[in-house]
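No lab work stands behind these numbers, since they all come straight from the coordinates. No experiment lies behind these values; they were computed from the predicted model shown. Cβ coordinates were reconstructed from backbone atoms using ideal geometry, including for glycine residues, and neighbour counts include every protein chain displayed.
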Amino acid sequence: LTGVLDDCLCDIESIDDFNTFKIFPKIQKLQERDYFRYYKVNLKRPCPFWADDGHCSIKDCHVEPCPESKIPVGIKAGSSNKYSKAANNSKELEDCEQANKLGAVNSTLSNQSKEAFIDWARYDDSQDHFCELDDERSPDAQYVDLLLNPERYTGYKGPSAWRVWNSIYEENCFKPRSVYRPLNPLAPSRGGSCLLGSVCYFSWTGLCLEKRVFYKLISGLHASINLHLCANYLLEETWGKPRWGPNVKEFTRRFDPAETKGEGPRRLKNLYFLYLIELRALSKVAPYFERAVVDLYTGNGHEDAESKALLLDIFRDTKSFHMHFDEKSMFAGDKKGAKSLKEEFRLHFKNISRIMDCVGCDKCRLWGKLQTQGLGTALKILFSEKEIQSLPENSPSKGFQLTRQEIVALVNAFGR
């Protein structure tokens, strides 16, 4: 990809250089910090729109002995020494293989981590939150270690996965009048009109800037997820250790112009657009974190200080980028219309986050929910510029607050 992106004055080469040499190495380090590596999520919520129609079922743990970090917490609680070196007999390896699936989320946590989460919750409770996650306090919500649960291909595909994305695009997105969509795996091929299963073509006719932006963000999120699945793909599943790596054929199928009716490059450009939006949000939210009253609290004072210093360093880099997306061009019409359109944005994002509970693979659901919340947090920031600018220096503000969940989601979504 080369050249200028639509709806902004930024070229792809500048983004590549800026990200490669300034942002990416620091974001990687930040994501490894305790504050940002643990994310609380409810993976047991039923799909509110249709009956569960698929689940990823490829086994991940084969004959290899299970390292402690891979043992599901329910098994580990039964006997802490069950998977010691001396206890690794074939029966226990079979139990481990039965319990682990490729789509299953590793929810193993150390006792120190559990104690830290109690402190985090106590610290968050003392803040005046702007909003609260629907399921954060649910008995089914659990902390997961994002470093132990990387986003990658899980074998989850076909009608179930297609249905999730189709519902997002067709029912909950400001979609262009027509846009090429992958064929419905359940429907026979049809031609001549934009029906499910047919080939549709792209047109911006009738879409204002705000709705174009919304569509590009969802398309960019979709492209990001697909890229990670292609880059970390299960290339070989043998009786030994599974082999993961880039799958060029899969990448070509999803993004090559010839394979996608010319739509692939546009999808990749939308990923760059998503990057710009979240980069802009980070630069705009910097004053919130620059205040002494805001800590990245884990209970480890030294690490907390280092984490905040690294985050502030990233903020300085984001401000140095000279080709930001200008969100002031959005919602610039009459106040009543702008307020209504913002509410549409909010409701669309709320519904898209609910659709993520219909994903049949836990790892896919985890990363889908996290990245959706991260993008929603970015939009919340861009819509709250005045509230952020008027924050008091030495006390929490009722005008604008971010929960730890939103902060973790924002950083990790941008990291993706």
Q: Could you tell me whether the stretch 291-416 comes out rounded, prolate or oblate from its Cα gyration tensor? Rule is a ≥ b ≥ c as square roots of the eigenvalues, rounded for a/c under 1.5, then prolate if a/b exceeds b/c, otherwise oblate.
A: oblate
Q | Full-stretch length increase - residue 32, residue 114 - with 0.36 nm per residue and alpha-carbon distance subtracted | A | 27.8 nm
Q: For the stretch 296-304, take each phi angle, set θ = phi - 60°, evaluate the Karplus expression 6.51 cos²θ - 1.76 cosθ + 1.60, and give the result in whole Hz per residue in order, putting x for glycine and proline.
A: 9, 7, 10, x, 9, x, 5, 5, 4
Q. Ranked highest first by average number of other Cβ atoms within 10 Å, how do 147-153, 216-222 line up?
A. 216-222, 147-153
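What is the diffusion coefficient of the stretch 235-351 in µm²/s, taking the Kirkwood radius over Cα pairs and the Stokes-Einstein relation at 20 °C with a viscosity of 1.002 mPa s? Display every interim value, and only then the final one.
Working: Rh = 19.0 Å.
Stokes-Einstein gives a translational diffusion coefficient of 113 µm²/s.
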Q. What translational diffusion coefficient, in µm²/s and rounded to a whole number, does the Stokes-Einstein relation yield for the stretch 220-270 at 37 °C and a viscosity of 0.692 mPa s, taking the hydrodynamic radius as the Kirkwood radius over Cα pairs?
A. 283 µm²/s
Q) What spacing in nm lies between the two simple spin-label points modelled at residue 393 and residue 9, each 7 Å away from Cα in the Cβ direction? A) 3.3 nm
Q) Once you put a point 7 Å from the Cα of residue 306 and another 7 Å from the Cα of residue 250, both along the Cβ direction, what distance in nm separates them? A) 3.4 nm
**Q.** Gain in span if fully extended, residue 385 to residue 239, counting 0.36 nm per residue against the direct Cα distance
**A.** 47.1 nm
